[in-house]
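Quick notes on the structure that follows.
Since every read-out is calculated from the coordinates, none of them should be taken as a lab result. Remember, it's a predicted structure, so these values are computed and weren't measured experimentally. Cβ placement follows ideal geometry from the backbone for every residue including glycine, while neighbour counts extend to all protein chains displayed.
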Amino acid sequence: MTLSGQPWEIVLKNLPHLHRFIYVLHGVCGYDDMRIAKLFNTSTETVRLALQAEEANISRILSLTPDHGTAAMTAEAFHQALLEQQKTVAIPRTVTITVHMGIDNICQPFLDKRKKQRTRRTVLIVSLLVAVCLIVGISVAVGGGTAQTDPSATPSESAQVSETPEPTDSTGTDESGTETGDTAEAETASYYADIEIQDYGTITVALDAEAAPETVANFVSLAESGFYDGLTFHRIIEGFMMQGGDPNGDGSGGSGTTIVGEFSENGYENNLSHTRGAISMARSDDYDSASSQFFIVQEDYPSLDGKYAVFGYVTEGMDIVDAICEAAQPTDGNGTIPAEEQPVITSITIRTPEAESSGQ
């Protein structure tokens, strides 16, 4: 047994691995019994028994810790002290999004029988997450230190999907709202899409059919058919992205058909990166579930690369993306926007490079 370090270090280092993970979920991240049970596809009674065992383990460890005045501290007192310390640390909302969505994504393979072959890798990632929570997250909450943790969330359709991206410095925009550094994207454009948003203006996107041919063909077809007219951006997270194109307006809908995910983890070469201004397809945990929902990235998120299909970049109107993201008032950490406040897509007009060069 390791008895060196701060009380929280001693407790967490000496808890069994699974109990340690459950404690982070329950005691720090605020997951209730039902949510933990859902993550592991087990019963709430099993989780309740695990938490009881966890309390006994913490009490036993604390009883063997003579320093720091913790000899007489109970598990409940320890937990309350941790929560009090956590209240004194300003943790950004986007960090909470990072932790919660990262955990959901890591545990998803347990719920998906089609991905049994990923179980071993998932267990390793769970262990890694525990280590990260110990070294970074808990040290911030209990020790009052400073953690360099980045915001995270990923676009989703019917099922919640998540990653833990590490943003880099975003590309700047000029005063006109034109994305700087967009020359390469414009040169490879197969089409241009003018996304007109009610009360905001027009966002112009250069679509790259060479990098994502089926994705671009699907988007162009839907736009030209008028499918997107009147739909909305239902999910917006400032500093991350704005997601729309769902006829249901809540992240659960699509066009009725799906396309393959044109990204490397699904066996497709696509070198486009989720940098500021990228447009990419939303999907569920099924790699080939993308349909009509898309998202525009407000800040660089290269950790999404290879997992979602980027199919173009904003060439004009990033100031509009910024304005929409800044004005958004989501009702939860997932970026949900009330129906009456969702920005409306008036229309999406598709143009060819030839029309662009002729000034039409």
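At R0 = 35 Å, how high is the FRET efficiency between Ala53 and Gln329 if r is their beta carbon distance? Nearest 0.05 is fine. The computed FRET efficiency comes out at 0.25. May I ask you to derive the FRET efficiency for Arg351 and Met34 from their Cβ-Cβ distance with R0 = 51 Å, giving the value to the nearest 0.05? Efficiency, rounded to the nearest 0.05: 0.55. Amide H contacts under 5 Å for Thr202: Ile197, restricted to partners 5 or more places along the chain or on a different chain, H placed in the peptide plane at 1.01 Å from N. Under the criterion of Cα pairs below 8 Å and six or more residues apart, the relative contact order for region 268-360 equals 25 percent.
What FRET efficiency comes out for Ser221 versus Ser63 if R0 is 56 angstrom and r is the Cβ-Cβ distance? Round to the nearest 0.05. The calculated FRET efficiency here is 0.25. Using θ = phi - 60° in the Karplus curve 6.51 cos²θ - 1.76 cosθ + 1.60, the 3J(HN,Hα) couplings for region 256-273 round to x, 10, 10, 10, 6, x, 8, 8, 4, 5, 9, x, 10, 7, 8, 8, 6, 10 Hz; x is entered for Gly and Pro. Distances between placed amide hydrogens fall under 5 Å for Ser292 paired with Ser255, all partners being 5 or more residues away or on another chain.
Listed values for region 336-341 are Karplus-derived 3J(HN,Hα) couplings in whole Hz (6.51 cos²θ - 1.76 cosθ + 1.60, θ = phi - 60°), namely 5, 9, x, 3, 6, 10, and x replaces Gly and Pro. Magnitude of the charge dipole for region 258-302, about its Cα centre and with charges confined to Cβ atoms of Lys, Arg (+1) and Asp, Glu (-1), is about 180 debye.
Derived scalar couplings between HN and Hα for region 213-219 equal x, 5, 5, 5, 4, 5, 5 Hz in order, rounded to whole Hz, by the Karplus curve 6.51 cos²θ - 1.76 cosθ + 1.60 (θ = phi - 60°), x for Gly and Pro.
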